[in-house]
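What follows is a single structure, written as structure tokens, with notes after it.
The values are calculated or read from the model by the stated rules, or taken from the named source; none is laboratory data. Worth saying up front: this structure is predicted, and the values here are computed from it rather than measured. Neighbour counts run over all protein chains shown; Cβ positions are idealised from the backbone, glycine included.
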Ligand SMILES: Nc1ncnc2c1ncn2[C@@H]1O[C@H](COP(=O)(O)OP(=O)(O)OP(=O)(O)O)[C@@H](O)[C@H]1O
Ligand SMILES: [Mg+2]
């Protein structure tokens, strides 16, 4: 019985209501944090940090953002890419206008801009839901995408029309721009993601999380127990877009180092939605699983067959990814609508009684 | 037949009064000029054949439907119609004919959700889930645990309600309504689809709620035995009109009622 | 003041002064609208009969066209390729019913909706994997579709009508007429309408739900193929068309999810509206507003008339 809660009596409601009530879970989290903060920086080469870990973390955060809206509140959004874009462009403008403020502060603040835009496009959720709302969020997606291209002020009139990330230092260490090392950027991304994940977990385990889930599960009943639907939905839009905005800003400033508007196109919205579906709607840990699977799958497809002497064209790898992801979406919705996170729980359940079958 | 409630003196004061309420959906007239009142502390039954407009009446009372005409007086305040939020705020809670639980949430979370209106810690404390926010959670958890004990559902505390059997779901729904600590509790067929034992349990809960907490209850129920046992007064609807109103005994003897309702079902 | 003039007066002056340009814009909008309407029609067919909001409808258009062209590239004669493509759409319908609809039968509509995202991605990847990802040219000539343009000169200028556009409008009209007859007059059609109202009713006609799903998905596939041919002939066949195909969504919002006339009227409104908007008001904003105008029109609609043009207001029950 490696994993068990038997015998761990909770002496108080507070202990029972902790996010990780079981000791083994807390140990697990500690181990993961140690690996993330100590082991990876020690062993990590540029490839691991820059190509795998940084994007994985950023996508996880975006997926958490969308999950708060779609998985927890039940509002389907196809505008994630654009909301991420708002964060990225806001961050660029902020650091251009106030270059001396720490860039990480601007990364976080740019999330607030994204929130504001998110709330604006969330207004129709007052009257519509389901796929009607999804179409409404498409308006956000395409309109914002158009703004990113047509308003040169947003990308500082750069000739290429792309965001060019300037050099920003923190206590003399380059944080963004070409001279920032992957390790610095990795640690920055990691810290932001850890803190924001902790905050998200606080939100969903408390009153607000319950309000969101009530709206998701049965909005009419939620209204009749005194939940103000409109406010609750708008709050979900605000918080969700904040997360997406921060993820977008990090994507450009701490990963790509520069980006065109295309990065925030509808494909990005879908990718993140798929992470949420495959990882598990309404679970935070699932957002990490989904991001790992969907982001790392194509990398694996490109690399692994090559190692076995079966070279695969990059284009074919990408197409294969589409086929697999598409099929996985359907398989998960059919077999396990709660996604990888549910499989994880079932796995833990098995461990809990291991080695006995019951 | 119930003994007259001990707080008889408090009876007589109307907690809620509906006057001349009419409601229609397109061509369908769900309610036509219905007037009745619910007095403080009583158990008021609403009965009638299928489609009589009982559920619609409750929906008007807690603001889910806006009647075309008529008015509602609640706690002395007159209004043309309620808003659901205002109704909840004012102390009206409700269970539903076809279960309206939050199926993806646990029993505990469902009942805790019922306490939303009583929780006040702001957004920023929620982000930290620390200090006042955590204390508030714990305090309300304690209240919720009392309800869970009262309804004898401790064993299913952490089970997703969507996976519970029907009878237990009905109980959880009652628990969620009780968590609101309402002044007026609306129960829409709380015993539909239950076996005898479950019905007895539910009847006991209803009487206990009424007597221990003095909660006023409006109850829709098809089982005449239950209605006769539980209720202080009964209002009878048929085709959206009120056809009788009085004590269970009076109503039972009413000719219109026998023709419209009892005669039809028995 | 000048801004107001540019928005409210100038565009209309232009319309009056050069009616030929106005006519041309209207015609282009009309043709675009007809194609949107066809995609929307596929949506409506499926939604009516199975309650599934098929996000993949737009991709089915591209997939069908790609299959047709791809087969022809591999040396299959045009009309044989056409027949084979129809067969592929039938297989697709069976596959969707077996692997997606049947296992998801009692799930909420939003789950089904998301499943069609999966289908979308699957088709994109699969189509490209088999036929290659580069844009292709529709085999319009081999299918005896007309090319070239008719120019029509009036005393105020001239308007040019692409023959393929004229053909598209005619074929689309025939298609709608055939579908209407199919729904009104045939036994299967009546069953399809019945299933939209109640599943029991459909069973009493003696057709199983599964068969009905296959039939509507197949019908939607054929509509998609037709749309794909027309569209491909006007531009090219590639999955970049999917962004345009998404425009069928605002069309549906306008027309309602269950109404065939709604899909047509909605398609025309969006098609013409966005061309007029782009041509007369777009320059004020720097152009390219075609990309989002349709959605914003739909958004406005959603806020004021959520049930669409033809839908009835539904009062939710609890
Ligand atoms: N949202 C609605 N839209 C249209 N008609 C409605 C709606 N709600 C109720 N009705 C109609 O109003 C009438 C009264 O319905 P209601 O549900 O109030 O009856 P009821 O007395 O609760 O019946 P039951 O015993 O079957 O629950 C019925 O004819 C019903 O069809
Ligand atoms: Mg009823």
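Listed values, structure above:
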| item | result |
| --- | --- |
| Hey, residue C:154 within 21 Å of residue A:267 (Cβ to Cβ) and either in contact (Cβ under 8 Å) with a residue 24 or more places away in the chain or more than 9 Å from every other protein chain (Cβ to nearest Cβ) (or both) or not | no |
| Residue C:300 being modelled with pLDDT under 85 and at positive phi | no |
| Number of the exception - residue B:82 against (1) within 14 Å of chain A (Cβ to nearest Cβ); (2) more than 13 Å from ligand 1 (Cβ to nearest atom); (3) modelled with pLDDT of 90 or more | (3) |
| Among residues of the stretch A:318-332, those that are in contact (Cβ under 8 Å) with a residue 24 or more places away in the chain and closer than 20 Å to residue C:54 by Cα, counted | 5 |
| Residue among A:245, A:309, A:290 that is assigned to a helix (DSSP H, G or I) and either in contact with a strand residue (DSSP E or B) (Cβ under 9 Å, 6 or more places away or on another chain) or farther than 25 Å from residue A:90 by Cα (or both) | A:290 |
| Subset of the stretch B:85-108 [within 8 Å of chain A (Cβ to nearest Cβ) and surrounded by fewer than 16 Cβ atoms within 10 Å (Cβ to Cβ)] | B:89 |
| The one condition in (1) surrounded by fewer than 21 Cβ atoms within 10 Å (Cβ to Cβ); (2) in contact (Cβ under 8 Å) with a residue 40 or more places away in the chain that residue A:252 fails to fulfil | (1) |
| Every pair of residues 6+ apart whose Cβ atoms lie under 9 Å, when the first sits in the stretch B:41-61 and is closer than 17 Å to residue B:245 by Cα while the second is near ligand 1 (Cβ under 9 Å from one of its atoms) and assigned to a helix (DSSP H, G or I) | B:46/B:54; B:46/B:57; B:46/B:58; B:47/B:54; B:48/B:54 |
| Tally of residues being modelled with pLDDT of 90 or more and within 12 Å of ligand 1 (Cβ to nearest atom) across the stretch B:214-234 | 2 |
| Residue selected from the stretch B:114-137 under the condition more than 8 Å from chain A (Cβ to nearest Cβ) and in contact with a helix residue (DSSP H, G or I) (Cβ under 6 Å, 6 or more places away or on another chain), by the criterion surrounded by the most Cβ atoms within 10 Å (Cβ to Cβ) | B:115 |
| Residues that are crowded, with 20+ Cβ neighbours inside 10 Å and either over 19 Å from residue A:239 (Cβ atoms) or within 9 Å of chain C (Cβ to nearest Cβ) (or both), drawn from the stretch A:107-128 | A:121, A:124 |
| Residue list for the stretch A:254-287, restricted to those being more than 25 Å from residue A:92 (Cα to Cα) and part of a helix (DSSP H, G or I) | A:273, A:274, A:275, A:276, A:277, A:278, A:279, A:284, A:285, A:286, A:287 |
| Only one of A:209, A:258, A:300 that is surrounded by fewer than 24 Cβ atoms within 10 Å (Cβ to Cβ) and within 12 Å of chain B (Cβ to nearest Cβ) | A:209 |
| Which numbered condition residue B:111 fails, given (1) out of contact with any strand residue (DSSP E or B) (no Cβ under 9 Å at 6 or more places or on another chain); (2) surrounded by fewer than 17 Cβ atoms within 10 Å (Cβ to Cβ) | (2) |
| Whichever residue in the stretch B:59-79 is under 16 Å from residue A:221 (Cα atoms) and more than 10 Å from chain A (Cβ to nearest Cβ) and, among such residues, is nearest to ligand 1 (Cβ to nearest atom) | B:65 |
| Restricting the stretch A:145-174 to residues that are touching a strand residue (DSSP E or B) at 6+ places or on another chain (Cβ under 8 Å) and within 13 Å of residue A:99 (Cα to Cα), the residue that is surrounded by the most Cβ atoms within 10 Å (Cβ to Cβ) | A:165 |
| Residue tally, condition over 14 Å from the mean Cα position of the chain (by Cα) and more than 16 Å from ligand 2 (Cβ to nearest atom), over the stretch B:41-51 | 0 |
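This table checks each residue for (1) touching a residue at least 12 places away in the same chain (Cβ under 8 Å); (2) in a helix (DSSP H, G or I); (3) farther than 18 Å from residue A:180 by Cα.
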{"site": "A:38", "(1), (2), (3)": "no, yes, yes"}
{"site": "A:48", "(1), (2), (3)": "no, yes, no"}
{"site": "A:58", "(1), (2), (3)": "yes, yes, no"}
{"site": "A:62", "(1), (2), (3)": "yes, yes, yes"}
{"site": "A:68", "(1), (2), (3)": "yes, yes, yes"}
{"site": "A:74", "(1), (2), (3)": "yes, no, yes"}
